Every structure is written in structure tokens, then in C-alpha cells.
Amino acid sequence: EIVDVLGLKVEAGGTCLDHQVSGGYVSDLLSDVIANSRKGDLWLTLQIHPNIVAVATLKELAGIVVIGGKRPADETVKKAEEESIPILSAGEPAFEVSGRLYALGLRGV
């Protein structure tokens, strides 16, 4: 539903889009996401390298949204497919995407 409403592009994990999204988190610092995100969060970031998949797996995040028109690296897509982590992309900046998610009822930490 979020993919359709926000017009996001599915970059990886298209078969895993049924993950329950309970909230959201916006950060580009991996250590911050590890320390403060919650299980089920949808993570918005500019990062595109494979380590984002490791963090999402560790924290049991619902998925990753790469913002600002960026696209994940090929290696990141491969890792996300292996770990069943959806990666979505948005052309808009984090502020706009998070505002639209908030309007859908998602809340952050």
C-alpha cells in the first residue's frame, strides 16, 4: 500500500512487500539507526551501500527507502534480495517522504 500511495519504486525485495510497517526512522548514520530504530520501522536514508541491508536485518526493519532520487548499488540490491529486505526508492527528499508517511498514520521514535 505504501509503495502505491507514495509512488515508490521497488529496487529489491519485491516479494517481501507484505512486511508490517509500524513506524519510521530517518537517519544516514548507521550507528544511529542501530541505536534508535525499532523493529518494524521503515528506514529513510541517502545511503546506498550494502551495510544498510545488514543494519535493516539486525534491527528487523520493515524496509529501506532510499530518498532523493538515489538508487542502491547493485551489490546492495543483491544482498537485500538474499536477506528478504525491501528496498524502495523515492525521488523526493527525506522531509517530503517522511511527511507523506506521517499523513498515512506512521509515527517515529
Worksheet item: Which percent of the accessible area of region 12-109 is formed by carbon and sulfur heavy atoms (probe 1.4 angstrom)?
Response: 53 percent
Worksheet, complete the sentence: For Ile52, Ile34, the accessible-area ranking with a 1.4 Å probe, largest leading, is Ile34, Ile52
Fill in: Computed accessible area, Asp74, all protein chains, 1.4 angstrom probe, square angstrom
130 Å²
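Suppose every Lys and Arg Cβ carries +1 and every Asp and Glu Cβ carries -1, with no other charges. What dipole size does the chain come out with about its Cα centre, to the nearest 20 debye?
Values: 10 positive and 15 negative charges, 43 e Å.
For the chain, the charge dipole is close to 200 debye.
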Worksheet item: What list of ³J(HN,Hα) values in whole Hz, one per residue of region 51-60 in order, does the Karplus curve 6.51 cos²θ - 1.76 cosθ + 1.60 (θ = phi - 60°) give from phi, with Gly and Pro shown as x?
Response: 4, 5, 5, 4, 5, 4, 5, 4, 8, 6
Item to complete: Give me the number: length gained by fully extending Asp18 to Arg107, i.e. 0.36 nm times residue separation minus the C-alpha to C-alpha distance, one decimal in nm.
Response: 30.2 nm
Worksheet entry | Under-5 Å amide H pairs with Leu44, H placed in peptide plane, nonlocal only | Tyr25, Val26, Ser27, Val65
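Can you give the accessible area per residue of the chain, in Å², using a 1.4 Å probe? Provide the component values of the computation, followed by the final result.
Numbers: 5710 Å² over 109 residues.
Result: 52 Å² per residue.
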Worksheet item: With each label point set 7 Å from Cα along the Cα-Cβ vector, what nm distance links Glu82 and Asn36?
Response: 3.0 nm
Worksheet item: Taking springs between alpha-carbon atoms closer than 10 angstrom, which of Val66, Val26, Val55 fluctuates most in the Gaussian network model of the chain?
Response: Val55
Response to the item:
In the list (i) 13, 39, 26, 12, 8, 3, 0; (ii) 17, 57, 27, 0; (iii) 14, 50, 28, 6, 1, 0, the entry giving P(r) over Cα pairs in 10 Å bins from 0, in percent computed from the coordinates is (ii)
Response to the item:
Filtered hits (lysines, Cα-Cα < 20 Å from Lys78, offset >= 8 within chain) -> Lys9, Lys59, Lys70
Item to complete: State the antiparallel share, in %, of DSSP beta bridges confined to the chain, rounding to the nearest 5.
Response: 20 percent
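The values are calculated or read from the model by the stated rules, or taken from the named source; none is laboratory data. Treat the numbers as computed from the prediction; the structure is a model and nothing was measured. With ideal geometry, Cβ positions are generated from the backbone for all residues, glycine too; neighbour counts draw on all protein chains shown. When the accessible area is computed, the model is the full protein with side chains, heavy atoms only, and any ligands, DNA or RNA have been set aside. Shrake-Rupley method; radii C 1.70, N 1.55, O 1.52, S 1.80 Å.
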